[in-house]
Amino acid sequence: MDLRKLKTLIDLVSESNISELEIAEADGKVRIVKGHPAPTYALPPVPASPSGSGSAALEQRPREAPAEPPPEPTGHVIKSPMVGTFYRTASPGSDAFVEIGTVVKEGQPVCIIEAMKIMNEIESDFAGSIRQILCENGQAVEFGQPLFVVE
């Protein structure tokens, strides 16, 4: 395929709303996929070696310490029994199942987790008072992720 034709096709894809274009001709096939631009990195200039040979050692920088994991909540933790989306209410506009300070009984619904378009009521497995709500409404949750702290 002619290089000018290829450049024109790339320009057309980048300026349009299409995200992918594939063209097959007798002399070959071209597939153009528009994605997020690749990040660009600027590297610091490398000084020439004192010997003048042009080779230089790369400067090593210390790694940043990994972020501290959040502290473990104290009290009984109600964890997610599944992967899904956490909801504090039964439907938009309705009151939350529980708030901080709400006294719950064992077996009382505390939230809903939507998984595969099915709304699953999650019940408290401990009687006590809600001390912390660890997830935001609409947040994706993992299996075993802490949802509430009950004391």
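Over the Cα atoms of segment 76-150, the radius of gyration divided by the Kirkwood radius equals 0.92; this is the Rg/Rh ratio. Among the lysines, which fall within straight-line cross-link reach of Lys29, defined as a Cα-Cα distance under 18 Å, with same-chain neighbours fewer than 8 residues apart omitted? The reachable lysines, counting only those whose Cα sits under 18 Å from Lys29, are Lys5, Lys7. Applying the criteria of a DSSP loop state and at most 13 other Cβ atoms within 10 Å to the trypsin sites (Lys or Arg not before Pro) of segment 101-151 yields Lys105, Lys117.
Loop-resident GluC sites (Glu not before Pro) (DSSP state other than H, G, I, E or B) in segment 72-142 with no more than 14 further Cβ atoms inside 10 Å of their Cβ: Glu99, Glu106, Glu136, Glu142. Each residue of segment 5-14 was assigned a 3J(HN,Hα) from its phi angle through the Karplus curve 6.51 cos²θ - 1.76 cosθ + 1.60 (θ = phi - 60°); the sequence is 5, 5, 4, 4, 5, 4, 4, 4, 5, 5 Hz, with glycine and proline shown as x. Ranked for footprinting exposure by Cβ neighbours inside 10 Å, fewest first, Asp125, Asp27 give Asp27, Asp125. Near Glu99: Cβ cut-off under 12 Å, other residues only, Lys/Arg at +1 and Asp/Glu at -1. The net charge is +1.
Where a number appears in this text, it was derived from the coordinates with a stated rule and is not lab data. These numbers were taken from a predicted model, which means no experiment stands behind them. Glycine gets a Cβ as well: all are built from the backbone with ideal geometry, and neighbour counts include every protein chain shown.
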